[in-house]
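Notes follow the structure.
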Amino acid sequence: MYTVADLKKGLKIILDGDPYLVVAFDFVKPGKGQALYRTKMRNMVNGTLLDRTYRSGETFDPASLEERQMEYLYKEGEHYTFMDQQTYEQVVMEEETLGEAKNYLLENLKVEVMLFGEKAIGISLPNFVNLRVTGTEPWAKGDTSGNDSKPATVETGYVLRVPPFIEEGELIVIDTRNGEYSTRVKG
Amino acid sequence: MKMNALWLRANLIKAVRNFFWERGFLEVETPALIPANAPEEYINPVHTLPSWQLQTSPEICMKRLLCSGHKKIFQISHCWRSNERGSRHLSEFTMLEWYRADCDYHTLMGDCEELLQYISICCLPKNGCFMHNSSKIDPFIPWQRISVQEAFSRFGQADVWDCLRKGLYEEILVSVIEPALAQFDSPVILLDYPAELAALARTKSDDNEIAERFELYLGGLELANGFSELTDPLEQRKRFEKANIVRSNSGQAALPLPEPFIKALETMPTSAGIAMGVDRLVMLTAGASSIDEIVTFIPEDL
């Protein structure tokens, strides 16, 4: 249990049943009056921001979040299934909850799944993933148009810009933090 | 603290001293370690030696100096308030207080105007404006004076007495009134507080519901709190006891009464006194958004 005076940036609490991350916090005390605590919090499930003001004495339950390594199994419609390889326990996440992360999910990829109780609320990916190019225009040798990149589709269906020399069937490294091409996997 | 903030702070304190010396005020030092502060509902002293406390304000001792015949005194001292920490609060902070005999709160409002103009000339660059967040505050244009009652109705479409009854006073003040005051490009004086919000202030002679208290705001930042002093020992004792009842009801320990101070009130002249946050004055002069930027060390770094 936290009291409002324990709150600080980075703390995770439960509010109306959802986990929230405290992103801003200030103590104010107008003219000899009662102390107030102004907070800004982010809902860790849907990302919305919330401004709330509390008086001293209010209490909160800490949101205990667990990160567990799991393997991505398959998708069915908009549902993505992950499995804990130790316990064989499976969790399902909606496409909307995954956001950009869905672009890098290849079967058997190991990711960290964030669990709030039984519920999976997000994943963290490795910074770099290897994905095979499934479609791109061939490099027109002697092309002097000056274009230094072209679109390419990878095996997850994600489309990104790659250098002109990348060929269909090649394995490339993608930076999951910005979604950009990083390098080519040699050999 | 950055090198220039350190110089600015030192210069500002020198300017404050010069201002009061030039006007014939006596600079005093009173003990910071005392057996009792004036009990307040929402201010918690730091306890030290068994049954002694650090001052939350030097007011008790400074008012006793008025009782012993000093007419114009000022002090720059450290004060301590337990569990106060935020972007504008430190548990240990620097306070400027000054007191005048034979005056009321209007004289202090005039002092504030002169003091801020003096600091602007001594410490601020070209345009002479104080800064808070994105607001520029010019102390040389006419100051706004707005009663608390008017501020609540004008900016919050609310009745201050109603807000007090419903326990919403602080919320409205912080979320509606202070942001509205930040829109003014002059300093703003909020004055004439509901009597229950002024434990040591005199009420108006024609209205005992209103206390002769004011607060000074620059850019929505509360800088000073002043009032015409209550000089009635019986009434003062009643108010302290009432504050202790509020404390007990909300689970806070009741505080000892400053008996020698209450006794001294019997000889206290008509007078007025004010407390101004020096750290906040430095913030406004430096354009700092957090108190952390203008002190040598913050508690978390000690």
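Does region B:154-161 include one or more residues that are in a strand (DSSP E or B) and either away from chain A (no Cβ under 14 Å) or polar (S, T, N, Q) (or both)?
no
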Of the residues in region B:33-56 that are touching a Cys at 6+ places or on another chain (Cβ under 8 Å) and not hydroxyl-bearing (Ser, Thr, Tyr), the one that is nearest to the other protein chains (Cβ to nearest Cβ) is B:55
Name the residues in region A:32-45 that are in contact with a helix residue (DSSP H, G or I) (Cβ under 9 Å, 6 or more places away or on another chain) and free of Cβ contacts under 8 Å to residues at least 40 places away in the same chain, would you?
A:32, A:33, A:34, A:35, A:36, A:37, A:38, A:39
Looking across region B:90-140 at residues that are closer than 16 Å to residue B:17 by Cβ and surrounded by fewer than 17 Cβ atoms within 10 Å (Cβ to Cβ), the single one that is modelled with the highest pLDDT is B:114
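Find the strands (runs of 3 or more DSSP E) located wholly in region A:1-115 whose residues include 2 or more that are of a type in the set (Lys, Arg) and within 14 Å of chain B (Cβ to nearest Cβ), and list them.
By residue number, A:36-43, A:49-55.
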Taking the condition in contact (Cβ under 8 Å) with a residue 40 or more places away in the chain, within 22 Å of residue B:9 (Cβ to Cβ), out of contact with any strand residue (DSSP E or B) (no Cβ under 6 Å at 6 or more places or on another chain) and not acidic (Asp, Glu), does residue B:127 pass?
no
Scan of region B:171-212 for residues that are within 19 Å of residue B:145 (Cβ to Cβ), under 17 Å from the mean Cα position of the chain (by Cα) and within 9 Å of another protein chain (Cβ to nearest Cβ), ordered by number:
B:173, B:178, B:190, B:193, B:197, B:198
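Working only within region B:44-67, note down all residues that are of a type in the set (Val, Ile, Thr) and surrounded by fewer than 20 Cβ atoms within 10 Å (Cβ to Cβ).
B:46, B:48
The values are calculated or read from the model by the stated rules, or taken from the named source; none is laboratory data. All figures in this text were calculated on a predicted structure; none of them were measured in a lab. Neighbour counts are summed over all protein chains in view; Cβ atoms, including those assigned to glycine, are modelled from backbone coordinates with ideal geometry.
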